Amino acid sequence: MRAIVAVVTLMASAAVASAAPETVVVASSDESFRSALNDALAPTGMQVIATADQAPSVAELSVTARQIAEREGAAATVWLIFASDKTTLVVYDRDVDRVLVREVPYSAPLDPAKAAEIARMARTMLRALRVSPEVDLPVPRVLEARVVRAQVAATTIVVEPRAGSFAVAGAIGLRVGAAASDAGLDGRLSLLWRPDAIGFGVHASLATRGDLETMRFMGTVSDNSIAVTLHYPVIAGPKVHVLAAGGLALHSISVDGAIEGEAVTDRRYDPAVRLGATANYEVGRNLDIGVGVSADGLLRRQRYASGMDQVLVVPRVQLTTGLIVTFRVL
């Protein structure tokens, strides 16, 4: 059996040596990436040819990639698709008729270092399609790959992009400058659209009620809020995502108690400007943990008084920081 495998291997190697160079079609407007991909595949004797074909929808990737490869007489097709919020690397191999898709944390234009890194990704993905993704070795030619697949079971891993349209985030932390006290616990629930890219969020915050007591007043005060913010990624690494955010908030400040035995209740609404930032670490395909900080600047100066007795003055600026758990639902 070993002799048969050796003979087949030698025959395949001889055929490879005498065969015309394999070509790989690259569809990308980035010259740095085209050049880097050519350098990454050159040791295997592959040649890169450029095309101006536009990327189709995800459902049509395999069909269109096969058509382009057949049209150009190429062994594979590589796309680097730039969008406003993400960059997607697509690699198709004509021999196995499979496609791999991976999101990369860089945007156009690429510098030489980033282009080289993505080119190495493409080479590894092409190897994963042909043989195995275990090591970042040069891509075997088609006939060599068939021999390797005859000796070991091929393992093909499709790298799927993260679910990224909607996410739910929960946070628990400390609010400094709250209406009731200098500092208090704050819980926040958020619904996020495109949590790793340019998107927006809707947030509801609930703070603990605080005791309030003066010479004439005894009661409690609460300061809860809702907010809408826009967020923008400032760091988008493979595992770490840092986003800046800004928007508007509305605080509901409620004072309940009694003045000299007479019950009183007063609720006021105060608009605010919110600025913040979050840093998340990816622990799973749909799960992040991180920390966040935000600052609310209240637009009205809220004062509560009973006669000459000042009951409460709400601070203009409130700072909140805490731990965040984000789960992607779609």
Suppose the chain between residue 120 and residue 213 were pulled fully straight at 0.36 nm per residue; how much longer would it get relative to their current alpha carbon spacing? 26.8 nm
Take the alpha carbon gyration tensor of the stretch 183-267, find the square roots of its eigenvalues, order them as a ≥ b ≥ c, and report rounded if a/c is under 1.5; if not, report prolate when a/b exceeds b/c, else oblate. prolate
Within the under-13-Å Cβ sphere about residue 242, not counting residue 242, Lys/Arg +1 and Asp/Glu -1 give a net charge of -2
With each label point set 7 Å from Cα along the Cα-Cβ vector, what nm distance links residue 235 and residue 183? 2.4 nm
Quick one: Karplus J couplings for the stretch 253-270, per residue in order, coefficients 6.51, -1.76, 1.60, θ = phi - 60°, nearest Hz, x for Gly and Pro? 10, 10, 10, 10, x, 9, 10, 6, x, 9, 5, 9, 9, 9, 10, 10, 10, 10
Counting only other residues whose beta carbon sits under 14 Å from that of residue 290, what net charge do I get with K and R as +1, D and E as -1? 0
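Only the coordinates and a few stated rules stand behind these numbers; no lab work does. Model, not experiment: these values are computed from the prediction. Note: ideal-geometry Cβ built from the backbone for every residue, glycine included; neighbour counts use all protein chains shown.
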